[in-house]
Amino acid sequence: MSIGRPLANYAAFRRVGDWVFASGVIAVDPSAGVVVTGYGQLPAAARQQLQTLGYDTGQLSVDVFEAPAVAQSWFVLDRISAIAQENGGSLDHVVRLVQYLRDLRHYPAYNRVRGLFFPQPVVSTVVEVSRMLPSDEVLVEVEATFYLGR
C-alpha cells in the first residue's frame, strides 16, 4: 500500500541517520481521498485478520458500531508498516508509538488490532483528543518513531 501524500504541507516522515520519525498517520485512503469508515474499504486479507479477533462479523447491528474505529486502526498501522518498509525496516524497528484517539472507549479495539502488528509490547503513549483533521470521521491517529540501526 502506498503511504500517499500528506494532507497538507508537511513530510509524511523524515529519516535522520538511523532514525525515522513518522508524522501522525490517519486513515485516509490516498487513492480515493476519503476517510476509512468501514470494513469494505479494507483489503480482503485485512478483513480476514480482523475476523480472527471477532470483528467484521457481517452483522450490521454489530459492525456499524465497531467498524469505524477498528478499520481505521488497521489502516493506520498498515500505513506505518509501509513507512517502515519504505525505509528498509519493519515494524520490529518501531521504538515508540503515540496514539491519539477521539474517544478512549475505542482503545480496547485499537489495542486488539495493534496486537496483529505488534505481538510484543511497544513503548507507547495514548492520548484522547477532541478533534482531528480533516474531519470528525477521523477517530485514530498514530505517530511512530523507528530506529533502523543495530
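Descriptive notes on the structure:
- Residue within the stretch 129-138 that is modelled with pLDDT under 95 and of a type in the set (A, V, I, L, M) present: yes
- Members of the stretch 43-72 found to be assigned to a helix (DSSP H, G or I) and among the β-branched types (Val, Ile, Thr), listed by number: THR52, VAL62, VAL64, VAL70
- Selection from the stretch 87-116 of residues that are more than 24 Å from ALA45 (Cβ to Cβ) and either within 15 Å of the chain's Cα centre (by Cα) or among the charged types (D, E, K, R) (or both): ARG96, VAL98, TYR100, LEU101, ARG102, ASP103, ARG105, TYR107
- Annotation: of all residues in the stretch 8-18 being hydrophobic (A, V, I, L, M, F, W, C) and either in contact with a Gly (Cβ under 6 Å, 6 or more places away or on another chain) or surrounded by fewer than 10 Cβ atoms within 10 Å (Cβ to Cβ) (or both), the one that is modelled with the lowest pLDDT is ALA8.
- For the stretch 119-141, taking the residues that are outside any strand (DSSP E or B) and either among the acidic types (Asp, Glu) or in contact with a helix residue (DSSP H, G or I) (Cβ under 6 Å, 6 or more places away or on another chain) (or both), the one that is nearest to LEU77 (Cα to Cα) is identified as LEU139.
- Sole residue being under 22 Å from LEU133 (Cα atoms), among the aromatic types (Phe, Trp, Tyr) and at pLDDT below 95, chosen from PHE65, PHE21: PHE65
- Every residue from the stretch 73-116 that is among the small types (Gly, Ala, Ser), loosely packed, with under 14 Cβ neighbours inside 10 Å and under 24 Å from ASP18 (Cβ atoms): GLY88, SER90
- Annotation note: Cβ proximity below 6 Å between a residue of the stretch 108-128 that is within 14 Å of GLN49 (Cβ to Cβ) and a residue that is part of a loop (DSSP other than H, G, I, E, B) (sequence gap 6+ or interchain) occurs for ARG112/LEU53.
- Inter-residue pairs, beta-carbon under 7 Å, first within 15 Å of ALA12 (Cβ to Cβ) and in the stretch 64-88, second crowded, with 23+ Cβ neighbours inside 10 Å and among the aromatic types (Phe, Trp, Tyr), 6+ apart: ALA84/PHE146; ASN87/PHE146
- Whichever residue in the stretch 117-141 is under 15 Å from ALA69 (Cα atoms) and under 12 Å from the mean Cα position of the chain (by Cα) and, among such residues, is surrounded by the most Cβ atoms within 10 Å (Cβ to Cβ): VAL140
- The set of residues in the stretch 29-42 being assigned to a helix (DSSP H, G or I) and surrounded by 14 or more Cβ atoms within 10 Å (Cβ to Cβ) consists of TYR39, GLN41.
- Sole exception among (1) surrounded by 18 or more Cβ atoms within 10 Å (Cβ to Cβ); (2) in a helix (DSSP H, G or I); (3) small (Gly, Ala, Ser) for ALA144, by number: (2)
- Of all residues in the stretch 51-72, those being surrounded by 13 or more Cβ atoms within 10 Å (Cβ to Cβ) and either among the hydroxyl-bearing types (Ser, Thr, Tyr) or over 19 Å from the mean Cα position of the chain (by Cα) (or both) number 3.
The values are calculated or read from the model by the stated rules, or taken from the named source; none is laboratory data. Owing to the predicted nature of the structure, the values given are computational and were not obtained by experimental measurement. Neighbour counts are summed over all protein chains in view; Cβ atoms, including those assigned to glycine, are modelled from backbone coordinates with ideal geometry.
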